[in-house]
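Below is one structure, written out as structure tokens, with a few remarks after it.
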Amino acid sequence: MTIKEVLDKTTTFFKQKGFHSPRLDAELILAHGLGLERLQLYLKFDQPLKEPELEKLRELVKRRTTGEPIAYILGKKDFYKNSFVVNKSVLIPRPETETLVEMAANFIESKKPLDGFHVLDIGGGSGCIGISLAKEFPEMAVTIIEKSKDAADVIKENIALNQVSNVAVYNLDADDIDTFVQQHTNGKPTFDLIVSNPPYIDIEDKEVEENVRKFEPQEALFADDRGYVFLKNWANKYSSLLNENGMMIFEMGYTQGEAILDHLTKLNIFKSVKIKKDLAAMDRFIAMAK
Ligand SMILES: C[S@@+](CC[C@H](N)C(=O)[O-])C[C@H]1O[C@@H](n2cnc3c(N)ncnc32)[C@H](O)[C@@H]1O
């Protein structure tokens, strides 16, 4: 069979399975399995494939048909301006989160020159937020906290892949702020910007796609107190580590805006608390200014 024949057959198969983007998925899987760029598939359309190559492709196609996300099969995901290694121990970076990075970048830009400017990213996952910011502003420092050891290892891989030298990663439980403060700060407000995309989904939420539930790490997705526990606790606790005129920006669920705004406003620890929208005009972020 030639590359073209396998591509057409796989596309038809994925179409029958009801996939959203059957041709693209087929191209990505073939290119990955054969160690080619997508464009090269078209240049080598008539190339016959050997049995070991076909066997490898069958295995990848099989994984996709179980619903495994394409990013885990490819082992990478493009996010913001860079590429990140991903595996099943980290959430696949989402397009909404790119808007958080943009908001954070605008805030950082407004604070130039950045001597001593320090960003904290809580719950780093693949490191996509902290590393994107670190790469954009190499003159500042970024600290990332991540509870999962496997995810922290992925962050280290992504630090190397993206060649950033201004990121420190700590494999810690962010709820234990005392240990973090003792070990890694001098106990005083230290950060000018704190960003987080915490787990914020209610375990009962019926809108969560089956394959998200099945393949992505539970501890990256779900949170107690109907999804609010980390949003509330981290905003409250970590505000003590925020410098005067600093900013916190957290991602949240699109239905959580009013409740979290009300909660954080009543805490009376921020100068202002504002809901920000994503590109689909949904409430998606909460920005807290100190
Ligand atoms: C929604 S994911 C976000 C990952 C990444 N920041 C992103 O935007 O793609 C939340 C991350 O928080 C981590 N996490 C959950 N509980 C934590 C805790 N108590 N302390 C530190 N990290 C935690 C999870 O392991 C997961 O990597």
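The values are calculated or read from the model by the stated rules, or taken from the named source; none is laboratory data. Not measured: the values here are computed from a predicted model. Don't worry about glycine lacking a Cβ; one is built from the backbone with ideal geometry, like all the others, and counts go over all protein chains shown. Ligands, DNA and RNA are stripped out before the accessible areas are found, and what is left, the full protein with its side chains, is counted by its heavy atoms. Shrake-Rupley method; radii C 1.70, N 1.55, O 1.52, S 1.80 Å.
When LYS266, LYS274, LYS232 are checked against the criterion of being outside any helix (DSSP H, G or I) and either open to solvent by 30 Å² or more (accessible area, probe 1.4 Å) or farther than 29 Å from HIS20 by Cβ (or both), a single residue qualifies: LYS274. Summed over the stretch 194-208, the residues that are in a strand (DSSP E or B) and either open to solvent by 70 Å² or more (accessible area, probe 1.4 Å) or touching a Phe, Trp or Tyr at 6+ places or on another chain (Cβ under 6 Å) (or both) give a count of 3.
Filtered by the rule that a residue be open to solvent by 10 Å² or more (accessible area, probe 1.4 Å) and either closer than 22 Å to GLY253 by Cβ or near the ligand (Cβ under 9 Å from one of its atoms) (or both), the stretch 94-123 gives ARG94, PRO95, GLU96, GLU98, THR99, GLU102, MET103, GLY123. GLY127 passes every criterion in (1) in contact (Cβ under 8 Å) with a residue 12 or more places away in the chain; (2) surrounded by fewer than 19 Cβ atoms within 10 Å (Cβ to Cβ); (3) not polar (S, T, N, Q) apart from (2). Candidates in the stretch 2-20 are the residues that are open to solvent by less than 80 Å² (accessible area, probe 1.4 Å) and in a loop (DSSP other than H, G, I, E, B); of these, the one that is nearest to LEU43 (Cα to Cα) is PHE19. Any chance the stretch 15-24 includes a residue that's of a type in the set (A, V, I, L, M), in contact with a helix residue (DSSP H, G or I) (Cβ under 8 Å, 6 or more places away or on another chain) and not assigned by TED's automatic domain parsing to the domain that holds PHE215? Taking every residue of the stretch 15-24 in turn, none turns out to be of a type in the set (A, V, I, L, M), in contact with a helix residue (DSSP H, G or I) (Cβ under 8 Å, 6 or more places away or on another chain) and not assigned by TED's automatic domain parsing to the domain that holds PHE215.
When LEU221 is tested against (1) surrounded by fewer than 16 Cβ atoms within 10 Å (Cβ to Cβ); (2) touching a strand residue (DSSP E or B) at 6+ places or on another chain (Cβ under 6 Å), just one condition goes unmet, and that condition is (1).
Within the stretch 155-179, the set of residues being surrounded by fewer than 22 Cβ atoms within 10 Å (Cβ to Cβ), within 12 Å of the ligand (Cβ to nearest atom) and either part of a helix (DSSP H, G or I) or not assigned by TED's automatic domain parsing to the domain that holds GLU219 (or both) comprises ILE177, THR179. Taken over the stretch 133-154, the criterion of being within 10 Å of the ligand (Cβ to nearest atom) and of a type in the set (Gly, Ala, Ser) is satisfied by SER148, ALA151, ALA152. Do we find that GLU219 is in contact (Cβ under 8 Å) with a residue 40 or more places away in the chain and within 13 Å of the ligand (Cβ to nearest atom) in this structure? For GLU219, the condition - in contact (Cβ under 8 Å) with a residue 40 or more places away in the chain and within 13 Å of the ligand (Cβ to nearest atom) - is met. Could you go through the stretch 269-277 and let me know if any residue there is under 24 Å from GLU146 (Cα atoms) and in contact with a strand residue (DSSP E or B) (Cβ under 9 Å, 6 or more places away or on another chain). Within the stretch 269-277, not a single residue is under 24 Å from GLU146 (Cα atoms) and in contact with a strand residue (DSSP E or B) (Cβ under 9 Å, 6 or more places away or on another chain).
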